[in-house]
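Participant: To start, I am sharing the structure in question, which I have written as structure tokens.
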Amino acid sequence: MSAHVMTVAQQKGGSGKTTLAAQIAAAWSAEGQRTALVDIDPQASLATWFQRRTEWDGAPVHTLHLSKIAGWRIAAEIDRLRRDFDAVIVDSPPHAETETRTAVRAADLVLIPVQPSPMDIWATQPTLEMARKEKVRALIVLNRVPARARLIEAVEAALAKESVPVATCRLGNRTAFAQSMMEGRAVVECAPRSTAAAEVRALADELRRLFS
């Protein structure tokens, strides 16, 4: 059975794509899914996180695979990983039309992180349009969400106008995410009983159900 492929994409930089990809990958891996990460972003933040992970003495028994790839080789690498793993997560760059389009075309799902701000909402349009043209379903996930109900309600109302599904689960604006990334880990590993870890597990479960 081939893997399901999820591309994390968002035109606006700083939306939390890399953190989201790493946290979900670690959660899936911890649950026994053979998970591969593909970093096609020239900034290579995900690859840097993975390198820190390999230097961690207390690395978990479950493992992740990472491919750092670019250009015309992206589609072939995703196809190869699809045969060998249960799940493939692609971290795409902002403002890279060709490479992001390749990753979107190869995906079963495009996950679009959106912070609760007008700029992030506006920035979803090119990614949503790309997913539509490639006939790949898209899902928005609210990221770095503050504890302000009125703001969240306004963001959800704005997103509802786009007729795009929004994940039920969301990730809060928590320092635990940044701290775990600095250590080359994920919150499900270094703070498994935290609210942040509970949020990641819930989102990981929601995403996995979409592929079942």
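Participant: Of all residues in the stretch 77-92, which are in contact (Cβ under 8 Å) with a residue 12 or more places away in the chain and open to solvent by 10 Å² or more (accessible area, probe 1.4 Å)?
Facilitator: Within the stretch 77-92, E77, D79, R82, R83, D84, F85, D86 qualify.
Participant: Return the residue satisfying two criteria in turn: it lies in the stretch 29-51 and is among the charged types (D, E, K, R) and within 12 Å of K17 (Cα to Cα), and of such residues it is modelled with the highest pLDDT.
Facilitator: The qualifying residue modelled with the highest pLDDT is D39.
Participant: Counting only residues that are in contact (Cβ under 8 Å) with a residue 60 or more places away in the chain and among the charged types (D, E, K, R), how many does the stretch 164-184 have?
Facilitator: Residues meeting the conditions: 1.
Participant: For the stretch 158-188, name all the residues that are assigned to a helix (DSSP H, G or I) and under 17 Å from M119 (Cβ atoms).
Facilitator: Filtering the stretch 158-188 for residues assigned to a helix (DSSP H, G or I) gives 158-160, 175-182, 187-188.
The answer is A158, L159.
Participant: Among the residues of the stretch 111-151, which ones are of a type in the set (S, T, Y) and either at pLDDT 90 or above or not in a loop (DSSP other than H, G, I, E, B) (or both)?
Facilitator: Once the filter is applied, which keeps residues that are of a type in the set (S, T, Y) and either at pLDDT 90 or above or not in a loop (DSSP other than H, G, I, E, B) (or both), the stretch 111-151 yields T124, T127.
Participant: Further question: So V187 passes all but one of these: (1) open to solvent by 80 Å² or more (accessible area, probe 1.4 Å); (2) of a type in the set (V, I, T); (3) touching a residue at least 60 places away in the same chain (Cβ under 8 Å). Which condition number does it fail?
Facilitator: (1)
Participant: Just the residues that are open to solvent by less than 40 Å² (accessible area, probe 1.4 Å) and among the hydroxyl-bearing types (S, T, Y), please, taken from the stretch 17-48. I'd like the intermediate steps shown before the answer.
Facilitator: First, the residues of the stretch 17-48 that are open to solvent by less than 40 Å² (accessible area, probe 1.4 Å): 17-29, 33, 35-41, 44, 46-47.
Once the filter is applied, which keeps residues that are open to solvent by less than 40 Å² (accessible area, probe 1.4 Å) and among the hydroxyl-bearing types (S, T, Y), the stretch 17-48 yields T18, T19, S29, T35.
Participant: Examine the stretch 57-79 for a residue that is touching a Pro at 6+ places or on another chain (Cβ under 9 Å), modelled with pLDDT under 95 and of a type outside the set (A, V, I, L, M, F, W, C), and state whether such a residue exists.
Facilitator: Scanning the stretch 57-79, I find no residue that is touching a Pro at 6+ places or on another chain (Cβ under 9 Å), modelled with pLDDT under 95 and of a type outside the set (A, V, I, L, M, F, W, C), so the answer is no.
The values are calculated or read from the model by the stated rules, or taken from the named source; none is laboratory data. Since the structure is predicted, the reported quantities are computational estimates derived from the model, not experimental observations. No Cβ is skipped: glycine too gets one built from the backbone with ideal geometry, and neighbour counts run over all protein chains shown. Surface accessibility is based on the protein's heavy atoms, side chains included, excluding ligands, DNA and RNA. Shrake-Rupley method; radii C 1.70, N 1.55, O 1.52, S 1.80 Å.
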